[in-house]
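Worksheet for the structure shown next.
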Amino acid sequence: MEKEISGVRIQCIKGDIAAQGDMDAVVNAANAELMPGGGVAGAIHRAAGPGLAEECTSLAPIKPGEAVITGAHHLPNRYVIHCLGPVYGVDKPEEKLLANCYRNALKRSEEKGIRSVAFPAISTGAFGYPLEEAAQVALRTVMKEAPSLRFVKIIRFVLFSTRDYAVFEEILAQLASGEHV
Ligand code: AR6
């Protein structure tokens, strides 16, 4: 599913964030230390190889809402952008911190002239952010940023489960048609 907003193609697909070979950059749902973990971070570090964790060492720790960029090592992309999402119920205000992740990841992308970037649903796994709420924040934030992007032309949300995909797809359709905005 795809919607075009201010010349930016916003896509939702079901898939694996570590297997997005047609994208310039992929976003990692990182931990503060930028080390391998479970979920997205595990998949990204496994596919990238140990060089990624080595490169990350000098950039850590990061705070909730921040984003840092590294090379992609053995991943089929040019860059990895590492975001630390808020832990739901702990890092507050959650909504602002989660929106900052998406905004800052797009900022890092623009600085490098990146044209396509793929995001996972940050904070919705180990960090416990309810999926619908997180999807609203993620999609509203990238739609709000779209008009000011010079380089980024494709923003892809890569959802791991059929249910997660269905939620993102529905909210993107609603927001793009102007309902509930
Ligand atoms: N591709 C796309 N999405 C995935 C993948 C994948 N390969 N694997 C899981 N997801 P999480 P968080 C989905 O836990 O909540 C880590 O251990 C998953 O179903 O990866 O931000 C880090 O080290 C969920 O919907 O990220 C941190 O400590 C979403 O991606 C902590 O977890 C995010 O789940 C970060 O927690």
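The values are calculated or read from the model by the stated rules, or taken from the named source; none is laboratory data. For clarity, every value in this text was computed on a predicted model and none was experimentally measured. So basically every Cβ, Gly included, is an ideal-geometry build from the backbone, and we count neighbours across all protein chains shown. Just the protein is used for accessible areas: all its heavy atoms, side chains included, with ligands, DNA and RNA removed. Shrake-Rupley method; radii C 1.70, N 1.55, O 1.52, S 1.80 Å.
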List the residue pairs whose Cβ atoms are under 7 Å apart, where the first residue sits in segment 161-172 and is touching a residue at least 40 places away in the same chain (Cβ under 8 Å), the second is part of a loop (DSSP other than H, G, I, E, B) and more than 10 Å from the ligand (Cβ to nearest atom), and the two are 6 or more positions apart or on different chains. GLU169/MET1; LEU172/MET1
Does segment 94-116 hold any residues that are in a helix (DSSP H, G or I), open to solvent by less than 30 Å² (accessible area, probe 1.4 Å) and either in contact with a Cys (Cβ under 7 Å, 6 or more places away or on another chain) or within 11 Å of ILE81 (Cβ to Cβ) (or both), and which are they? CYS101, TYR102, ALA105, LEU106, SER109
Output for segment 20-75, where each listed residue is more than 25 Å from GLY113 (Cβ to Cβ), more than 8 Å from the ligand (Cβ to nearest atom) and either in contact (Cβ under 8 Å) with a residue 60 or more places away in the chain or hydroxyl-bearing (Ser, Thr, Tyr) (or both): THR57
Within segment 123-144, considering residues that are out of contact with any Asp or Glu (no Cβ under 9 Å at 6 or more places or on another chain) and within 8 Å of the ligand (Cβ to nearest atom), the one farthest from VAL87 (Cα to Cα): GLY125
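Applying the selection to segment 51-71, what residues are outside any loop (DSSP other than H, G, I, E, B) and either within 17 Å of the chain's Cα centre (by Cα) or of a type in the set (Phe, Trp, Tyr) (or both)? Talk me through it step by step, then tell me what you get.
From segment 51-71, those outside any loop (DSSP other than H, G, I, E, B) are 51-59, 67-71; that's our starting set.
Within segment 51-71, ALA67, VAL68, ILE69, THR70, GLY71 meet the criteria.
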Mind checking which residues of segment 1-30 are assigned to a loop (DSSP other than H, G, I, E, B), more than 14 Å from VAL80 (Cβ to Cβ) and either in contact with a Ser or Thr (Cβ under 8 Å, 6 or more places away or on another chain) or not hydroxyl-bearing (Ser, Thr, Tyr) (or both)? MET1, GLY7, GLY15, ASP16, ASP22
Is there a residue in segment 158-173 that is in contact with a Gly (Cβ under 6 Å, 6 or more places away or on another chain), open to solvent by less than 30 Å² (accessible area, probe 1.4 Å) and not in a loop (DSSP other than H, G, I, E, B)? yes
Reported set for segment 129-157 where residues are under 24 Å from VAL90 (Cβ atoms) and assigned to a loop (DSSP other than H, G, I, E, B) is TYR129, PRO130
Within segment 145-159, which residues are within 16 Å of the ligand (Cβ to nearest atom), more than 16 Å from LYS107 (Cβ to Cβ) and either over 13 Å from the mean Cα position of the chain (by Cα) or among the β-branched types (Val, Ile, Thr) (or both)? VAL158
